Amino acid sequence: MALVKTEEIVSQSRGFSSLPLVRQLGLLIGLAASIAIGVSVALWSQTPNYSLLYSNLGEQDVSEIVQALQQADIPYKLSKDASTILVPEKKVHDARLKLAGQGLPKGMGIGFEILQQDQGFGVSQFMENARYQRALEGELARTIASLQKVRSARVHLAIPKQTAFVRSRKKPSASVTVDLYAGRTLTEEQVAAITHMVAASVPEMDVDQVTVIDQRGRLLTPPAGSSDLRLTATQFEHRRRVEEYLAKRIESILVPVVGEGAVRAQVSADMDFTVTEQTSERYNPDLPAVRSEQTVEEQSIGAAGPAAMGIPGSASNEPDAAQAQADAGQEAAGAAGQDAAVLPSNRSRRVIRNYELDKTISHTRSGGGVIRRLSVAVVVDDKTVVNEDGETVKQPLSPEELEQLTNLVKEAIGFDAVRGDRVNVVNTAFTVPPEPEPLPEPSLLESGVLWDIGRQVAGGLLILFLIFGVLKPVMRDLAAKGKALPQAGATGVALPAGMAEDQLSLSGAQQAPQLPGGQGGQPQAEEFENHLNAARSLAAQDPKRVAQVVNNWVTNE
């Protein structure tokens with residue numbers, strides 16, 4: 001077998017060397033191209049299909065996504081502009097789920113780094129303000145997009161030009177658009193946080209001037225309308241929260257008793273949102289207190305002073321005349337004698353007291369949201385028991401068990417009979433919902449499995465075609481041409497036809513020439529001499545092959 005293969009290779013090499021140089025180069029190029037095509041087809045058949053993962057990404061997002069894909073051992077491809085990422089088709093959903101769990105992509109926009117760019121000469125004040133406003137919008141969008149529920153955000157600021165006239169000033173406003181992840185919603189607290197954050201980032205902006213909407217066009221901030229409407233919406237939301245809270249308390253206390261999914265509770269709360277203010281003053285007469293006290297004491301001996309004498313209104317009552325008359329009276333009394341009796345004295349005391357009663361002033365302001373009445377409806381499923389045959393069956397609850405459940409519900413909601421609360425617990429068998437139909441499995445064409453198998457089969461067929469349809473016929477033709485060519489020595493001297501079978505036949509030299517008389521003896525002698533000289537020359541140049549030929553002769557004979 002090895003000898004046959006060696007002879008075929010020798011024949012192919014001889015056939016290839018017998019071709020012209022141009023054909024040899026063409027054949028080599030064709031063989032190289034066939035091998036390259038075969039290798040490319042093999043790689044193509046094993047390479048998975050790549051599908052789009054994300055496009056129009058920023059540099060920061062691309063860097064973080066590529067790092068996450070490398071950690072998850074997911075192959076990827078980047079576009080020329082490094083803004084589009086491709087992954088194998090079978091791993092698109094898996095990659096998106098893993099990236100979504102890490103909050104990627106974040107959709108970063110342009111921020112204050114735009115101010116670091118060279119603005120050039122001759123930039124107007126308007127363009128500087130516009131660039132600053134654009135940078136501020138980008139930074140606010142980045143901050144909002146950092147929330148877990150927000151995929152991306154855009155912020156538009158309307159900042160009016162400031163003026164020196166106070167009456168002509170206008171306050172800035174802002175509008176925010178948030179793109180939420182599927183199945184996510186923002187709570188009122190989160191919306192309020194966004195509005196307060198935007199208002200605090202822009203000078204002289206009020207919270208009421210910030211509007212927030214989602215990707216579906218729903219207004220998340222309260223509408224700028226009447227304050228009564230806002231109050232009504234707030235009251236309704238508060239009532240809904242109270243009802244949900246009480247319903248959860250009922251279910252949480254009954255689920256351990258009746259089982260998961262065997263209880264449904266609804267609460268209707270009648271609430272009073274009236275805000276009242278009351279001021280009252282109360283006096284306690286049993287606890288008087290002295291607020292102020294005034295004491296006046298008077299004492300006089302004899303005449304208390306110069307008495308008014310004379311005609312009322314006359315000049316005798318004037319101060320100078322009265323004093324003169326008093327002096328004259330004293331002199332007259334002194335002249336009457338010093339042994340006169342002592343004049344009588346007059347003393348008086350006067351006290352004024354002001355009492356203050358004990359007084360209490362109270363100011364009471366009762367806020368809204370007072371529960372006036374509760375109406376509770378609870379439905380409980382039948383309990384599951386095992387009968388005598390060992391089968392699981394449903395059995396209604398006994399009146400004692402219903403009474404126990406009713407008492408539990410009353411205690412859970414803070415039942416008050418005075419305010420008119422009502423609780424109704426009903427036992428009934430729940431209707432089992434039908435099992436949903438399984439989702440139809442994708443066909444082979446949709447799943448891509450058939451395409452992958454077909455691509456591998458096509459690659460294998462193409463490789464077999466290149467091997468058996470191109471390479472093998474070419475090599476066969478070269479081997480046939482090599483066998484058909486006459487054998488030659490190293491000097492290029494043609495060998496006789498009888499030497500072709502053993503690659504070096506000396507049969508012509510082995511037989512003695514026949515020289516019949518008168519019939520061409522001289523040409524046969526010359527032919528014999530030529531063959532003999534060629535054999536000698538070949539034996540001198542390649543003795544190994546000649547020895548092999550002789551060995552074959554001896555073996556055959």
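Order of 258-266, 280-288 by packing, highest average Cβ count within 10 Å first? Walk me through the numbers on the way to the answer.
Values: 258-266: 15.4, 280-288: 9.3.
Top to bottom by mean Cβ count within 10 Å: 258-266, 280-288.
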**Complete:** By accessible area (1.4 Å), largest first, R241, R291 order as R291, R241
**Label-zone membership for the range 352-379, site T276, 7 angstrom Cα→C-beta point, backbone N under 18 Å** = 362-373
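Between beta-carbons, use under 12 Å as the cut-off and find the net charge around N407, counting Lys and Arg +1, Asp and Glu -1.
On the way: positive: K410; negative: E400, E401, E403, E411.
Cβ neighbours under 12 Å give a net charge of -3.
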**Message:** Just to be sure I understand the model, the point goes 7 Å from the Cα along the line to the Cβ. What's the resulting A429 to T187 distance in nm?
**Reply:** 4.2
**Request:** Compute the length gained on full extension between F165 and S124: take 0.36 nm times their separation in residues and subtract their Cα-Cα distance, giving the result in nm to one decimal.
**Result:** 12.3 nm
**Prompt:** What do you reckon, how do H238, H363 stack up by accessible area (1.4 Å probe), largest on top?
**Reply:** H363, H238
**Item:** Heavy-atom accessible area order for F415, F126, largest first, 1.4 Å probe
**Value:** F126, F415
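The values are calculated or read from the model by the stated rules, or taken from the named source; none is laboratory data. Because the structure is predicted, anything quoted here is derived from the model rather than measured. Note that we place each Cβ from the backbone using ideal geometry, even for glycine, and neighbour counts take in every protein chain shown. All accessible areas refer to the heavy atoms of the entire protein, side chains included, with ligands and DNA or RNA removed. Shrake-Rupley method; radii C 1.70, N 1.55, O 1.52, S 1.80 Å.
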